[in-house]
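So the structure is just underneath, and the comments pick up after that.
The values are calculated or read from the model by the stated rules, or taken from the named source; none is laboratory data. Computed from a prediction, not measured in an experiment: that's the story for all the values here. Using ideal geometry, Cβ is built from the backbone for each residue, glycine included, and neighbour counts are taken over all protein chains shown. For the accessible areas, the whole protein counts, side chains as well, though only heavy atoms, and no ligand, DNA or RNA atoms are used. Shrake-Rupley method; radii C 1.70, N 1.55, O 1.52, S 1.80 Å.
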Amino acid sequence: MEVSFWNKDIETADRGRIQALQIQRLKEIVSYAIKTPFYQKRLSKAWIHSPDDIKSLDDLKKIPFSVKDDLRQNYPKGMLAVDMEEVVRVHSSSGTTGIPTVIYYTRGDVDRWTDLLARGIVATGATAKDVFQNMMSYGLFTGGLGMHYGAERVGMAVIPVGGGNTQRQLQIMKDFKTTVLHITPSYLLHIHQRMTEFNIKPRDLFLKKAWLGAEPYSEPTRLKLQELYGIDVYNSYGLSEMNGPGVGFECVYKNDLHIWEDGYIIEIIDPVTGEVLPDGQKGEVVFTNLIRHALPLIRYRTRDLAFIHPSPCPCGRTHRRMSRILGRTDDMLIINGVNVFPSQIEEVLMSIPEVGTNYMIHLSSHEGLDRLVVKVELYQKLFTGDLSQLDSLKGKIKDKLRASITINAHIELHEPGFLPAFEGKGKRVVDERQKL
Ligand code: AMP
Ligand code: ZN
């Protein structure tokens, strides 16, 4: 197996050196965090009033966790630790309840993030000779621009197509002899089904590898995609709170995600007690971002469930590997790569007067893509029986949902009493998607 490095010195550094870098950078992050009223309060609870109060990595455990809600409650700039003048980039999480979460980056932050992406890219064996088609959406979501910068740094020829428009994607793959894709597993599955429609076979293309992320998928899905396309598929993990993609990347051994530990401190905790668990045990993933100054996040609870592999990787990298994401501790749904909370859908529905009190969220798989059907009972008093009124109501619900969750839902309208009634806790989400 050929193993390549972007920065061999640091990727294979001994644990002592990695930990020394972690302490040094944690102090640096604390020096920024302490400038925000939010962290000033949080850190003082842990008796940390200056970066010098951090003596060892154990001191990290004294600091209370941060959660998504902290970002929301401090929207838009409450957790910004630098002058807006120093900010060169703003991103936002792809799906949140109500108020979005905003992430800020200085020039240095983008530069450090980009470097970690370059490490991951090279770890999969990609080089400057590759032609890279980035099929993750550009915009506030970090998947597009983030990976774009990393691939440019490696010197790949980057084609910033973004998501959607399958026919054009296939044409570009053919015409530009694309060798590497960055795409969600759902979309890569979907494209294969559409290929026959456009009379294209995988062997007409020049694809060698794909980086798949933004949503969970299983090993059988990886194997299936590798076989269907005749390519190597690598898992890529990230979240906007930890900058975006590039937090974890698989190497050529495809045995789970190397977490760049000089950039992120990873802890696995018991989601109920908050206790830090030993390597090998499954729990909630908690990250401290060591490389972002504009918006420091210390001990951020991701709600993602995973474990850390206790054994080293044959590639020689010393940065520990995290398993694929095994689930979530909350009810967040990932629909075609977009994060959606059921409460967001509820909020939209309940803001429409013609909607009654009962609704259901139904998820299924359709030609490899997720299909969202929202079943809604009408509010009898406001319904006149006029069919055109029903059509316009459907359109209104669809538009409002699209504006809130950026997804095109199929809307079904029903008479009051049609949907199952819940006497206790309602189970409004029915997820019948084929497990990826
Ligand atoms: P966002 O902040 O919008 O980029 O969403 C981040 C979330 O997407 C993570 O917390 C995960 O739940 C999910 N995610 C990203 N990459 C992967 C991956 N490779 N496997 C499973 N889930 C992922
Ligand atoms: Zn490895």
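Structure notes:
- Counting residues in segment 245-255 that are more than 16 Å from ligand 2 (Cβ to nearest atom) and not β-branched (Val, Ile, Thr) gives one or more.
- Of the strands (runs of 3 or more DSSP E) entirely within segment 282-344, those holding at least 1 residues that are touching a residue at least 24 places away in the same chain (Cβ under 8 Å) and over 17 Å from the mean Cα position of the chain (by Cα) occupy 283-289.
- Matching entry among LYS61, LYS41 (being surrounded by fewer than 16 Cβ atoms within 10 Å (Cβ to Cβ), in contact (Cβ under 8 Å) with a residue 24 or more places away in the chain and assigned to a helix (DSSP H, G or I)): LYS61
- Subset of segment 296-326 (residues that are open to solvent by less than 40 Å² (accessible area, probe 1.4 Å), within 16 Å of ligand 1 (Cβ to nearest atom) and of a type in the set (A, V, I, L, M)): LEU297, LEU305, ALA306, ILE308, MET322, ILE325
- Residues located in segment 170-188, provided they are in contact (Cβ under 8 Å) with a residue 24 or more places away in the chain, over 23 Å from GLY146 (Cβ atoms) and open to solvent by 30 Å² or more (accessible area, probe 1.4 Å): LYS174, LYS177
- Residue check, ARG371 of a type in the set (D, E, K, R) and within 16 Å of ligand 2 (Cβ to nearest atom): no
- Annotation note: of GLY238, GLY213, the sole residue that is closer than 23 Å to VAL110 by Cα, away from ligand 2 (no atom under 15 Å from the Cβ), in contact with a strand residue (DSSP E or B) (Cβ under 7 Å, 6 or more places away or on another chain) and open to solvent by 10 Å² or more (accessible area, probe 1.4 Å) is GLY238.
- Of the residues in segment 111-129, none is within 16 Å of ligand 1 (Cβ to nearest atom) and without any contact (Cβ under 8 Å) to a residue 60 or more places away in the chain.
- Residue ID - farthest from ALA126 (Cα to Cα), chosen from residues in segment 1-31 that are within 14 Å of ligand 2 (Cβ to nearest atom) and open to solvent by 40 Å² or more (accessible area, probe 1.4 Å): THR12
- Verdict on ILE121 being within 16 Å of ligand 2 (Cβ to nearest atom) and crowded, with 22+ Cβ neighbours inside 10 Å: yes
- Applying the condition of being open to solvent by less than 30 Å² (accessible area, probe 1.4 Å) and in a loop (DSSP other than H, G, I, E, B) to segment 189-210 and asking which residue is modelled with the lowest pLDDT yields ILE200.
- Residues of segment 65-95 satisfying the condition of being charged (D, E, K, R) and open to solvent by less than 40 Å² (accessible area, probe 1.4 Å): LYS68, ASP70, ARG72, ARG89
- Filtering segment 216-235 to residues that are within 16 Å of ligand 2 (Cβ to nearest atom) and open to solvent by 20 Å² or more (accessible area, probe 1.4 Å) leaves only ASP232.
- Test: residue in segment 354-366 that is aliphatic (A, V, I, L, M) and in a loop (DSSP other than H, G, I, E, B): no
- Filter result (out of contact with any Lys or Arg (no Cβ under 7 Å at 6 or more places or on another chain) and under 24 Å from ARG292 (Cα atoms)) within segment 216-248: SER236, TYR237, GLY238, LEU239, SER240, GLU241, MET242, GLY244, PRO245, GLY246, VAL247, GLY248
- When HIS258 is tested against (1) in a helix (DSSP H, G or I); (2) buried (at least 24 other Cβ atoms within 10 Å of the Cβ); (3) not hydroxyl-bearing (Ser, Thr, Tyr), exactly one condition is not met: (1).
- Here THR288 does not qualify as over 30 Å from ASP370 (Cβ atoms), open to solvent by 20 Å² or more (accessible area, probe 1.4 Å) and more than 16 Å from ligand 2 (Cβ to nearest atom).
- Number of the exception - TYR237 against (1) in contact with a His (Cβ under 8 Å, 6 or more places away or on another chain); (2) in a strand (DSSP E or B): (1)
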